[in-house]
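Worksheet for the structure shown next.
Every number here is computed from the coordinates shown, using simple stated rules; none is lab data. Bear in mind that the values here come from a model prediction, so they are computed numbers and not experimental data. Positions of Cβ are backbone-derived with ideal geometry, glycine not excepted, and every protein chain shown enters the neighbour counts.
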Amino acid sequence: MTLRSTVTTFAATALMGAALAVAPTAQAQEASAAPAPAQAVASAQAGAVSLGAGEAIGFSTPPGEMGTEAYSDCPSGWICFWSGSNGTGSRCQWSSSLNPRAREECSWMNNGTYTKSVYNRTSYRYHYYKAFNYKDRIGSTLSGGQGNLAGTYNIGSLCRHNASGCPN
């Protein structure tokens, strides 16, 4: 083996070692960020760009869709629902008074993941229903209310109490 090939082999080995040393850190960040399904697909299509929950580069998030969040991340003026208990997991949120087909605006609900927690940061009471178009009422949450739901259903529609078109 010549000196030149020894140096080349050493340099290649050092670069591979450096890449392996960095790889576990990148994987840990990706796993802890737990992007929403739509974000995971988009980040893979964007050329392996790792994104945190709610971040986007060159694509838009579906209406109502957010990432892994907590109660404190529900913005004022919105009602938020999560796929996990205690405001964890994926989040979808609405601010409009009438949402006759809410499930279709939230990928994880539309894919069959049950709704497990809610935080109503609006000034109004909201009613929610299993079916579209305000059928089969499940319950309601007062302004400022938050907590865990039964976790055995999905929200099909929701509306603001006393809004025109909301059956209350």
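At a glance:
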| quantity | calculated |
| --- | --- |
| Qualifying positions in the stretch 106-135 - at positive phi and among the basic types (K, R) | none |
| Neighbours by Cβ (under 6 Å, 6+ apart or cross-chain): first from the stretch 100-127, more than 13 Å from L149 (Cβ to Cβ); second basic (K, R) and part of a strand (DSSP E or B) | Y124/R160 |
| The stretch 72-90 residues that are on the phi > 0 side of the Ramachandran plot, paired with ones that are assigned to a helix (DSSP H, G or I) and not acidic (D, E) (beta carbon under 7 Å, 6 or more apart) | G87/Y71 |
